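Notes follow the structure.
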Amino acid sequence: MTTTKIVTSGFCPKGWIPETRLLKCYKPFIRRVPYEIAAQKCRTLNATLLTINSRNEDFAILNMIVDGEPWFRRGGSLILGPKYRVKGASPERILVAPNGRRDDLYTNFAAGEPNNAGASESCVEVRMWQYDQQPFSNYSGLWNDYDCGWERSSFICELPLSAKQL
């Protein structure tokens, strides 16, 4: 009989933020970059771009950012890991996480999103502003799809908590 040890605490690399309830480590970057540059930076750290998997994680991330990062309160946007892919030859678009999984992905899109404006929006961001640039407007913390080549103001890399000190 095989037993599985459930990790209820753990360690993060130096400079990473632990979130023990979610069993993850986060490293935020405040840097205007397009999606691929953010994804590459995370890969160099043996991590992935942030994928929000639940309402609890959504709230935890927003609280972490809003509490610790004044730039976000002024109207930042955060690159998320999932991207849209066209399914086969059909026009259907599916959301795919960085690990390639697409089943049961949590989403928190604003009303009318995702809309694939200009037929070029394949990436996902969290916004803290509406088009009128007012922080904490009706777009606060909701998701939007955008063109992956556009630069966004920040991204977060994530790792699972380690069972041993790193």
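Just so you know, all these numbers are worked out from the coordinates, no wet-lab data involved. Since we're looking at a predicted model, the values are computed, not measured. Cβ placement follows ideal geometry from the backbone for every residue including glycine, while neighbour counts extend to all protein chains displayed.
Listed values, structure above:
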read-out	value
Amide proton proximity set for L142, modelled H, under 5 Å, gap of 5+	R127
Label-point gap, in nm, between Y106 and A119 - each point 7 angstrom along Cα→Cβ	3.5
Rough spin-label spacing in nm, given labels placed 7 Å along Cα→Cβ, for L45 and T20	2.1
Sequence-distant residues sharing a close amide H with R31 (under 5 Å, placed H)	S154, F155
